[in-house]
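Novice: Let me begin by handing over the structure; questions about it come next.
The values are calculated or read from the model by the stated rules, or taken from the named source; none is laboratory data. Worth saying up front: this structure is predicted, and the values here are computed from it rather than measured. All Cβ positions, even for glycine, are placed from backbone atoms using ideal geometry, and neighbour counts span all protein chains on display. Protein only, heavy atoms only, side chains kept; ligands, DNA and RNA dropped before computing areas. Shrake-Rupley method; radii C 1.70, N 1.55, O 1.52, S 1.80 Å.
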Amino acid sequence: MGVPAIMRDAVLQDLFLQMQKDDKIFFLSADLGGPKLDQIREKFPDRFINVGIAEQNLINVAAGLALEGYKVFAYAIATFLTMRCYEQIRVHLSILAQLRSLNVTMIGLGIGMSYDVAGPSHHCFEDLSIMRTLPGIKICSPADSLCAQSFVTWALNYPGVKYLRLDGKPHSLVYSVDENIPAGFDFEKGFCELKRGHKSVIVSTGVLTHRALNSATAVATARDDIGVIDIYSFDPDFDALFETIDTYAHVITLEEGFIGVGGVDSMIANLLCDHQSMKKFTRLGIKKEFLFDCGGREYLHKKSGINEDEIRYHFD
Amino acid sequence: MTKINFLEQKAQWIRRRTLELHKFAPETRIASSLSPVEVLTTLYYGGFIKFDASNPLWEQRDRVIISKGHGSISLYPILADLGFFSVCELERIGQEGSFLGGIPDPVIPGYETVNGSLGHGPGVAAGMAIGLRAKNNPAKVFVLVGDGELYEGAVWEALMFSGHHRLNNLILIIDANKACMLDFCKNVIDYHPLKEKLESFRWRVAEVDGHSVAQLYDLFSTITTTTTPITTTDAAAATARPLAIIAHTIKGKGVPRLECDPLSHIKTLAASEVDALINSVQSGQIELTEK
């Protein structure tokens with residue numbers, strides 16, 4: 001739906017508007033830019049700070065500003081935002097947030113294979129599982145710009161720590177207010193059954209939700225019996241999620257991250273286990289090794305077994 | 001009694017209370033906690049810290065970040081004495097249900113940040129200093145680090161940042177007790193000259209005998225801040241700098257067998273040894289705050 005858009009642009013445009021209305025917003029960047037960031041830099045020189053290529057300090061300064069009552073956005077490349085400074089996040093955005101109100105939103109750009117040709121240093125296959133491990137951090141993993149943008153507004157009023165993991169490439173919309181989110185996004189519920197089926201259901205997150213939908217709806221192989229659930233915030237409302245999943249006989253998880261170590265697959269496996277469900281379960285994602293092959297995202301997906309043909313192969 | 005005499009006696013008393021706490025909870029880092037006694041005593045009792053003990057998060061308070069958390073058990077008796085929490089809590093240190101642990105966290109009234117993992121304080125303090133400046137709040141941010149802590153790279157990210165942003169409401173106090181866990185710093189990685197490094201990062205630097213209450217008092221008396229926000233075009237900006245105080249101290253100060261021990265960090269004193277030290281102080285045999 002619509003012209004493909006980059007989530008980052010939608011988020012930064014919205015933040016620009018929010019910063020005009022709310023002088024408690026600070027925007028920190030670890031030297032990461034974006035076309036829509038320029039207007040923020042120009043219009044709010046006192047509330048935009050480039051901390052330099054220094055993610056550890058990015059997080060600590062964000063925590064300090066939040067302690068002083070500011071609403072802080074901390075922006076960096078996703079891999080480095082979550083892994084270079086994981087300990088800073090743990091100490092001052094997770095442990096401290098259990099005692100103090102800290103309105104900080106980390107915005108990580110370039111999850112999964114967004115930086116496809118940049119190789120394994122930039123591939124981001126771990127952020128979801130390691131951030132899920134920390135208490136008190138609400139994670140948004142949007143499938144499109146509409147979801148990402150909506151999260152910004154929600155995040156501003158949520159007095160805790162958040163991590164918004166953005167894809168780096170342009171994508172069309174999977175959501176529309178008319179079709180699937182009449183009441184808007186519910187970041188506490190955290191998921192949406194985008195396509196109703198009755199046999200197998202693909203549970204995915206981020207841009208792979210596009211892949212899930214395409215796999216289940218492509219004209220030649222359209223399958224009415226395949227459902228698609230998009231998880232857009234973590235952790236979602238597990239009771240409601242299980243209720244939806246339980247209407248299917250087979251659950252396929254799909255993610256652009258390492259499998260078996262705490263991502264979507266682990267979350268769903270735990271959920272099934274908690275309900276003593278013996279449902280058929282298939283996990284699709286990146287097996288635990290880094291990819292040195294040079295190539296675009298489609299190529300890397302094929303190498304990793306998360307292309308459409310491979311997904312369809314698992315349909316019952 | 002002069003102010004200096006009062007502070008010297010107070011520091012002696014704090015040193016004794018700190019030793020007592022170590023007796024109650026031998027897992028506490030006693031050597032690291034004895035080096036900043038005069039610094040903390042002078043700051044809190046010398047009138048250099050604005051605080052409201054009944055309202056620890058009072059908006060106008062000066063922020064005190066204890067980045068070397070393990071080495072600040074000596075702050076417990078100060079905070080209790082000043083009314084942040086009941087002195088009865090001191091005896092419960094390390095016991096079940098007590099909020100006074102071996103490494104302090106902000107569950108203790110008077111502590112601002114999570115401590116224990118070294119190198120985080122300067123960055124968080126810089127964020128607070130920027131925030132205070134943006135709010136036109138004249139409060140100051142003090143941050144206490146150890147000299148061994150300066151090995152953490154995040155410290156230097158924060159030092160660069162604070163110098164560049166001319167955070168003159170930020171005061172870094174380096175408890176330079178010359179040792180980290182396994183050895184004297186000069187044998188681990190000798191990073192001296194430190195003063196010149198800090199100055200090259202656009203900090204104002206003062207060096208002081210960290211066990212001399214008189215020197216500390218005089219130095220702290222010179223700290224001024226401006227309530228006006230500094231912009232890059234402001235004439236005042238050219239001279240505005242954060243202040244680093246290198247407080248030369250002795251790790252394990254007051255306990256002769258710790259004072260020259262490169263492994264003092266991990267040394268625990270037996271209860272009988274603590275009693276003997278305290279008794280000898282009380283009977284005047286050892287002057288615990290001698291210079």
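Novice: How large is ³J(HN,Hα), in whole Hz, for each residue of the range A:46-61 in order, when computed from phi with the Karplus curve 6.51 cos²θ - 1.76 cosθ + 1.60 and θ = phi - 60°, using x for Gly and Pro?
Specialist: Using θ = phi - 60°, the values come out as 7, 10, 10, 10, 8, 7, x, 7, 8, 5, 4, 6, 3, 5, 5, 5 Hz.
Novice: If you don't mind, there's one more thing I want to ask. Amide H to amide H, which residues 5 or more places from A:LEU291 or on other chains are under 5 Å from it, using H placed in the peptide plane?
Specialist: none
Novice: Same structure, new question: I need the helices of chain B that pass two filters: whole DSSP H segments spanning 27 Å or more by Cα along the axis, and mean Kyte-Doolittle score no lower than -1.0.
Specialist: Membrane-span-like by this rule: B:3-24.
Novice: Right, something else. Run through the DSSP bridge list for the range B:3-282 and note the antiparallel percent, rounded to the nearest 5.
Specialist: Antiparallel bridges make up about 5 percent of those DSSP assigns within the range B:3-282.
Novice: What total accessible surface area, summed over both chains, is buried at the interface between chains B and A, computed with a 1.4 Å probe and given in Å² to the nearest 100?
Specialist: Between B and A, the summed buried area is about 2100 Å².
Novice: So in the range A:5-171, what percent of DSSP beta bridges are antiparallel if you round to the nearest 5?
Specialist: That works out to approximately 10 percent antiparallel.
Novice: At 1.4 Å probe size, put A:ASP274, B:ASP218 in order of accessible surface, largest to smallest.
Specialist: Of A:ASP274, B:ASP218, the descending order of accessible area is A:ASP274, B:ASP218.
Novice: How charged is the neighbourhood of A:VAL174? Take every other residue with its Cβ under 15 Å from the Cβ of A:VAL174, and add Lys/Arg as +1 and Asp/Glu as -1.
Specialist: Computed value for this residue: -2.
Novice: Report, ordered by chain and residue number, the aspartates and glutamates lying within cross-link reach of A:LYS24, taken as a straight Cα distance under 14 Å and ignoring same-chain residues fewer than 8 apart.
Specialist: Excluding near neighbours in sequence, the set is A:ASP46, A:GLU68.
Novice: Classify the range A:191-313 as rounded, prolate or oblate from the Cα gyration tensor: take a ≥ b ≥ c as the square roots of its eigenvalues, call it rounded if a/c is under 1.5, otherwise prolate when a/b beats b/c and oblate if not.
Specialist: oblate
Novice: Given the whole protein assembly as supplied and a 1.4 Å probe, what does the accessible area of B:TRP156 come to in Å², nearest 10?
Specialist: 50
Novice: Taking each residue in A:63-76, count the Cβ atoms of any other chain within 10 Å of its Cβ, then average. What number comes out?
Specialist: The mean count of partner-chain Cβ atoms within 10 Å per residue comes to 5.
Novice: Another question, then. 5 Å is the cut-off here: which amide hydrogens, built 1.01 Å from N in the peptide plane, fall below it relative to B:ILE65, excluding neighbours closer than 5 in sequence?
Specialist: Amide H neighbours of B:ILE65: B:PHE142, B:VAL143, B:LEU144.
Novice: What does the average come to when, for each residue of peptide B:148-157, you count the partner chain Cβ atoms lying within 10 Å of its Cβ?
Specialist: Mean shielding count: 3.
Novice: Hey, any idea what Rg/Rh is for chain B, computing Rh the Kirkwood way over Cα pairs?
Specialist: Looking at chain B, the ratio lands at 0.96.
Novice: Let me ask you something else. Quick one: helix A:264-274 against the long Cα principal axis of chain A, what's the angle to the nearest 10°, folded into 0 to 90?
Specialist: That works out to roughly 70 degrees.
Novice: In whole percent, and with a 1.4 Å probe on the protein chains, what portion of the accessible area of the range B:3-282 is carbon and sulfur?
Specialist: Accessible surface attributable to carbon and sulfur in the range B:3-282 totals 54 percent.
Novice: Would you mind classifying the range A:5-171 by shape? Square roots of the alpha carbon gyration tensor eigenvalues, ordered a ≥ b ≥ c; an a/c under 1.5 is rounded, otherwise it is prolate if a/b is larger than b/c and oblate if not.
Specialist: It comes out rounded by the Cα gyration axes.
Novice: If you don't mind, there's one more thing I want to ask. At 1.4 Å probe size, put A:LEU164, A:LEU194 in order of accessible surface, largest to smallest.
Specialist: Result of the area sort, largest leading: A:LEU194, A:LEU164.
Novice: Show the residues, 5+ positions off or on another chain, whose built amide H is closer than 5 Å to the amide H of A:LYS138.
Specialist: Placed amide hydrogens put A:VAL161, A:LYS162, A:TYR163 under 5 Å from A:LYS138.
Novice: A follow-up question, please. Pull up the cross-link candidates among the lysines for B:LYS195, meaning alpha carbon to alpha carbon under 21 Å and not fewer than 8 places away within one chain.
Specialist: B:LYS68, B:LYS178, B:LYS186, B:LYS251
Novice: Ok, one more. For the protein assembly as shown, what proportion of DSSP beta bridges, expressed in % and rounded to the nearest 5, is antiparallel?
Specialist: 15
Novice: Considering just Cα atoms, how many Å³ per residue does the convex hull of the protein assembly as shown enclose?
Specialist: So the per-residue Cα hull volume is 168 Å³.
Novice: So, one more: Each residue of the range B:239-256 in turn: what ³J(HN,Hα) in whole Hz from Karplus with 6.51, -1.76, 1.60 and θ = phi - 60°, glycine and Pro shown as x?
Specialist: 9, 5, 8, x, 10, 10, 10, 8, 9, 6, 10, 10, 5, x, 3, x, 10, x
Novice: Sticking with this one: For the range A:287-294, what does the Karplus curve 6.51 cos²θ - 1.76 cosθ + 1.60, with θ = phi - 60°, yield as ³J(HN,Hα) per residue in whole Hz, taken in order and with x for Gly and Pro?
Specialist: The phi angles translate into 6, 6, 7, 7, 10, 9, 4, 8 Hz.
Novice: Between beta-carbons, use under 9 Å as the cut-off and find the net charge around A:ASP237, counting Lys and Arg +1, Asp and Glu -1.
Specialist: So the environment of A:ASP237 carries a net charge of -3.
Novice: For A:PHE48, tell me the accessible area in Å² from a 1.4 Å probe, rounded to the nearest 10.
Specialist: The accessible area comes out at roughly 30 Å².
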